[in-house]
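See structure below.
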Amino acid sequence: MQSTRQQKIESLIQQDLGNIFLQYARRIGGVLISVSEVRISPDLSIAHVYLSIFPANKAEEILTKVEEDGKAIRYEMGKLERNQLRIIPQLYFHNDVTLDRMEHIDELLKH
């Protein structure tokens, strides 16, 4: 069970990373990156960030690039949240495939 503080921080991180990835996707061009979910550890030191990447065929390539640029993304997030958080959490990025699963289930139900 998560505390209210964890939920607030997850929401804050999701919003700030959403803005960061909006600019990041513009630099890359031709992709759309959205932050679908953030889960933070109870000690607020680790954040698992789930990214929804469109088009899906570029997801692995983009996720690899995001992981390479992880320190710069964390730095940008730190600049935005320096007044709210004492410690900026370590970021771990994951590909969110829930939309792909929903589409697959819809296709199966139609047939």
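Every number in this text was worked out from the coordinates using simple rules, so none of it is lab data. The model shown is predicted, which means the values in this text are computed figures rather than measured ones. Quick reminder, even Gly has a Cβ in these numbers, built from the backbone with ideal geometry, and neighbours come from all protein chains shown.
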Original post:
Size of the dipole of the range 1-42 about the Cα centre, Lys and Arg at +1 and Asp and Glu at -1 on the beta carbon, nothing else charged, in debye to 20?
Top reply: 80 debye
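Suppose only helical runs count, i.e. DSSP H with n ≥ 4. What mean residue ellipticity at 222 nm does that imply for the chain under -39500 (n - 2.57) per run, divided by all residues and rounded to the nearest 500 deg cm²/dmol?
Mean residue ellipticity at 222 nm (helix-derived): -17500 deg cm²/dmol.
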**OP:** With unit charges on the beta carbon (Lys/Arg positive, Asp/Glu negative), name the residue among VAL35, ALA72, PHE93 whose Cα is farthest towards the positive pole of the charge dipole of the chain.
**Re:** ALA72
Original post:
Which whole-angstrom value gives the distance between the alpha carbon centres of the range 1-28 and the range 64-111?
Top reply: 8 Å
**OP:** Excluding residues fewer than 8 places away in the same chain, name every one of the lysines whose C-alpha is closer than 28 Å to that of LYS58.
**Re:** LYS71, LYS110
Original post:
Say each of GLU67 and MET102 gets a label point 7 Å from the Cα, pointing the same way as Cα to Cβ; how far apart are those two points in nm?
Top reply: 2.6 nm
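Which value does Rg/Rh take for the range 56-95 over its C-alpha atoms, Rh per Kirkwood? Walk me through the numbers before you get to the answer.
Working: Rg = 12.1 Å, Rh = 11.2 Å.
With Rh from the inverse mean 1/r over Cα pairs, Rg/Rh is 1.08.
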**OP:** Sequence neighbours fewer than 8 away in the same chain don't count; with that in mind, list the aspartates and glutamates whose C-alpha is under 20 Å from LYS79.
**Re:** GLU10, ASP16, GLU67, GLU68, ASP69
**OP:** Tell me which label goes with the value of Rg/Rh (Cα atoms, Kirkwood Rh) computed from the coordinates here: (i) 1.10; (ii) 1.08; (iii) 1.02.
**Re:** (iii)
**OP:** Collect residues whose amide H, placed 1.01 Å from N in the peptide plane, falls under 5 Å from the amide H of GLU37; neighbours closer than 5 in sequence don't count.
**Re:** TYR50
